[in-house]
Amino acid sequence: MTFNYSEILSFSIEHGILAVLLLAIMFVYFRVAIRYKIIDKPNDRSSHTKPTIRGGGIIFPIAVLCYAIMSGFSYPYLTIAVLLTGFISFLDDLKDLPRSVRFLVHILSACLILYEAGVLSIPIIMGVLAFVFIVFVINAYNFMDGINGITGFYSLSILIPLMLVEESASMLALEKVIFISLVIFLFFNARKKAKCFAGDVGSVTMAVLMCFLIAQKIIATNDYRYLCFLTLYLADTGLTIIQRMREGDKVLEAHRKHLFQVLSNELKQPHMRVTMIYAVIQLGINLFLVSVDINVLGIVLLFAVAIIIYIIIKVRVLKIVK
């Protein structure tokens, strides 16, 4: 594949104005959050120890709305999906909503982004599998948002390789807006003591965006290597669910059993160190994937190797903390 270095490095004056606008919106949101006590207070399932502003990920749906206005409402169904999940997820950040309501919104959002990505052009069975995959990824992204920087840097590890091989001008324009929003969010979140957390509004809307970018790329190219862009999140979430089921836990309840949580909480590794391990490994995998030709067998082998390595590491880590 040819990498579009010059294209991804070219940011316009409009991008600079957007960045300033989003930065200003973040400061306004901090004042509102403090005023109305939109604060994440630590509990026995948290990986943080001090009260922190929740919902800083509101910048992501706002950035998508700005892009929609700038582009004449390109990708309308994606925009609706992001704004819908953002609205419901922000309400959930303020006050817990019924799980059924959130799940229904995830289902509707999956349908919207698949339609936007061109799902009608592929066989029905593949569309159904894509739908199940996206609903799972949306929830996995939410489960994995537990330490400083992880949602932002992991998303960048997916976004940057996609930008490198992007051939559509409109898609690249959208990806640049997402990139800007992630950098601004990370400025406040990727710290030893974060200024804010993404909240469900951030993790869920970013999941919707990453799912759309990956689904659109797979449908456009008929290349399934892009499924591996989520290798670590899929492995950690899937295997942790299996672990919790074997231990008789309620799978959908909050917990601290993901590998990144064990590393952060039990082994007392700094949040940013754990975050960068996840992000750098996934970035390495994704850069490798866009640099070589890989078939379905290669994809299966990659996932198999990742799962085996994950199990070995987690078993050893759990032995240390017992």
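Any read-out appearing in this document is the output of simple, stated calculations on the displayed coordinates, not a laboratory observation. Here the structure is a predicted model, which is why all the values come from computation and not from measurement. Here the Cβ positions follow ideal geometry from the backbone for every residue, glycine too, while neighbour counts run over all protein chains shown.
Things worth noting here:
- For the range 33-144, the relative contact order works out to 19 percent when only alpha carbon pairs closer than 8 Å and six or more residues apart are counted.
- Take the Cα of residue 221, step 7 Å toward its Cβ, do the same at residue 316, and the gap between the two points is 3.3 nm.
- Positive-end ranking of 301, 158, 25 along the dipole of the chain, with charges on Cβ about the Cα centre, is headed by 25.
- Take the Cα radius of gyration of the chain and divide it by 2.2 N^0.38 Å, N being the number of residues; the result is 0.96.
- Database remark: amide H of residue 39 closer than 5 angstrom to the amide H of 54 (H placed geometrically; neighbours at sequence offset of 5 or more, or on other chains; Pro and chain starts carry no H).
- Residues 159, 94, arranged from fewest to most other Cβ atoms within 10 angstrom of their Cβ, appear as 94, 159.
- Residues of the range 157-180 with an amide N closer than 17 Å to a point placed 7 Å from the Cα of residue 10 along the Cα-to-Cβ direction: 163-177.
- Rounded to whole numbers, the Karplus 3J(HN,Hα) couplings from phi for the range 223-229 are 10, 8, 4, 5, 4, 6, 5 Hz, using 6.51 cos²θ - 1.76 cosθ + 1.60 with θ = phi - 60°, and x at Gly and Pro.
- The chain: DSSP helices with Cα axial extent of at least 24 Å and average Kyte-Doolittle hydropathy no lower than 1.0: 13-35, 76-94, 99-117, 124-144, 169-189, 199-221, 271-289, 296-321
- Of the peptides 164-170, 193-199, the ranking by mean beta-carbon count within 10 Å, highest at the top, reads 193-199, 164-170.
- Residue among 124, 144, 218 farthest towards the positive dipole end of the range 5-321, charges placed on Cβ: 144
- Rel. contact order, % - alpha carbon contacts under 8 angstrom, at least six apart, the chain: 25 percent
- Calculated FRET efficiency for the pair residue 273/residue 100, C-beta based, R₀ 56 Å, to 0.05: 0.90
- Relative exposure of 285, 312, 113, 107, judged by other C-beta atoms within 10 Å (fewest first): 312, 107, 285, 113
- Our estimate of slack between residue 27 and residue 247, defined as 0.36 nm per intervening residue step minus the Cα-Cα distance, is 74.9 nm.
- Local electrostatic count at residue 213 - Lys and Arg +1, Asp and Glu -1, tallied over other residues with Cβ under 10 Å: -1
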